[in-house]
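The values are calculated or read from the model by the stated rules, or taken from the named source; none is laboratory data. Worth saying up front: this structure is predicted, and the values here are computed from it rather than measured. Because the Cβ atoms are built from the backbone with ideal geometry, glycine has one as well, and the counts that use them run over all protein chains shown.
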Amino acid sequence: MRLNFFPSKVLTRYLARLFISRIFAVLVLLVLVLQTLDLLSESGKILEHAGNGEAELWHYVSLRIPQLASRFLPYSVLLATIITLATLNQNSEVIAMKAAGLSAHQVLAPLLLSALVVSGVSLVFNERVVTRSNAALKVWQDNDYGPVPKALGGRTNAYYREGNDILTAATQIGSGAGTVLEGVSWYVRDERGMIVEQIRGPRATYAHPGWRIETPVRFDVKSAQQRPIQPLVVAPELTPADMQIAGVNADSLSLGELSDSISALEDAGRHTAELRGKWWHKLSGPLSALLMPLLGAVAAFGLARSGQLFVRAIIGMALGFAYFVVDNAALAMGNFGGYPPLLAAWAPFLLFLLVGEAVLIKTEE
């Protein structure tokens, strides 16, 4: 039996079903508690906007739950690992499996396979659901929980500089030459940075080059006079490509979209180490669930009646949470340029993979 990595099919299905059911139960419990606390803190801001009510509260919940589920799924896998293995140990099922000739790695194999499946599901879920929820929630929050355009790719409170002058838009819709700005303001400033005139308009489109403001109104600061003027082209050096690379939010972009944004930034000579680290972390983050059965494995072995089961569970939990601390620290160091992006995203994973294997081999194999 030691020549096979997995135990029998029956035992594999039993352990996998036990493990996945506990992952789901722990995740649901964590999300419910955290969502309740989060909603209590945000409900006042949501209801503060005129016209918002119960429907908007449920809309916020629908956007926030995917974020919470994605963020705390690895923690759920860790806690489910401790619960599952401690229960198996307490009921002497681990002793029975080892007496049947199974090694420690074979006992953990169904859990590792289940965690790998969970990692794959988490990656797809992040790409298809979480990124869209992040983008929609950010736009809604930037608009103070007010109504926002439903157009794809919309941004709110857009802000761009061209020399001393500033172009702002309440809403930015579309991409490329088809970009449309709504609620536009063009601020002309002198050399001291003081605003000398403001030009406002309901809409602006790309004019190849510059942005044509429709039905503009000019306000002169010196004379304090306001008057309508003919359509005007402003910001001739500001292109849709410049708008694309301004304010890239990695959490709201899929892997492909983030790759395109990184390429655009590099073509413009911008620094991309932070975004590259986040790109790699979109892969290493979901895969962290695969580590949890290995780090929590110490709870599976040793005699339960010796009084060490609780201590072993604490050690497994400490190893798991140590990984999350080191992972966040490495990513922060990568954002500051202390680590290369690839190292910042993958070094904690590889380090704790070796730590988990070393602890398991030394203590049980």
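Quick check, is Tyr323 farther than 12 Å from Leu85 by Cα, of a type in the set (Phe, Trp, Tyr), surrounded by fewer than 22 Cβ atoms within 10 Å (Cβ to Cβ) and touching a helix residue (DSSP H, G or I) at 6+ places or on another chain (Cβ under 9 Å)? Spell out how you get there, then give the answer.
Working: farther than 12 Å from Leu85 by Cα: yes; of a type in the set (Phe, Trp, Tyr): yes; surrounded by fewer than 22 Cβ atoms within 10 Å (Cβ to Cβ): no; touching a helix residue (DSSP H, G or I) at 6+ places or on another chain (Cβ under 9 Å): yes.
Answer is no for this residue.
Selection of the range 1-33 for residues being out of contact with any Ser or Thr (no Cβ under 7 Å at 6 or more places or on another chain), not aliphatic (A, V, I, L, M) and not in a helix (DSSP H, G or I) yields Asn4, Phe5, Pro7, Ser8.
Would you please list the contacts, defined by Cβ atoms under 6 Å and residues six or more apart or on different chains, that run from a residue in the range 70-99 that is at positive phi and touching a residue at least 60 places away in the same chain (Cβ under 8 Å) to a residue that is outside any helix (DSSP H, G or I) and among the β-branched types (Val, Ile, Thr)? From residues that are at positive phi and touching a residue at least 60 places away in the same chain (Cβ under 8 Å), there are no pairs. For the range 32-70, a tally of residues being within 12 Å of Asp144 (Cα to Cα), loosely packed, with under 12 Cβ neighbours inside 10 Å and of a type in the set (Asp, Glu) returns 1. When the criteria are applied in full, Thr36 fails the requirement of being among the polar types (S, T, N, Q), out of contact with any Asp or Glu (no Cβ under 7 Å at 6 or more places or on another chain) and either modelled with pLDDT under 95 or not in a helix (DSSP H, G or I) (or both).
Here is a yes/no grid of residues against (1) in a helix (DSSP H, G or I); (2) modelled with pLDDT of 95 or more; (3) out of contact with any helix residue (DSSP H, G or I) (no Cβ under 6 Å at 6 or more places or on another chain):
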| position | (1), (2), (3) |
| --- | --- |
| Ala55 | yes, no, yes |
| Pro66 | yes, yes, no |
| Ala69 | yes, yes, no |
| Leu78 | yes, no, no |
| Ile83 | yes, no, no |
| Thr87 | yes, no, yes |
| Ile95 | yes, no, yes |
| His105 | yes, no, yes |
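When Pro341, Pro348, Pro286, Pro293 are screened for being closer than 20 Å to Met97 by Cα, within 26 Å of the chain's Cα centre (by Cα) and surrounded by 15 or more Cβ atoms within 10 Å (Cβ to Cβ), only Pro293 passes.
Is it true that some residue in the range 286-294 is aliphatic (A, V, I, L, M), farther than 30 Å from Arg132 by Cβ, at pLDDT 85 or above and in a helix (DSSP H, G or I)?
Applying the first criterion (aliphatic (A, V, I, L, M)) to the range 286-294 yields 287, 289-292, 294.
Retained after the next criterion (residues that are farther than 30 Å from Arg132 by Cβ): 294.
Restricting the remaining residues to those that are at pLDDT 85 or above gives 294.
Subsequent filtering for residues that are in a helix (DSSP H, G or I) retains 294.
Checking the range 286-294: at least one residue is aliphatic (A, V, I, L, M), farther than 30 Å from Arg132 by Cβ, at pLDDT 85 or above and in a helix (DSSP H, G or I).
Only a single criterion out of (1) loosely packed, with under 15 Cβ neighbours inside 10 Å; (2) in a loop (DSSP other than H, G, I, E, B); (3) at pLDDT below 80 is not satisfied by Gly302, namely (1).
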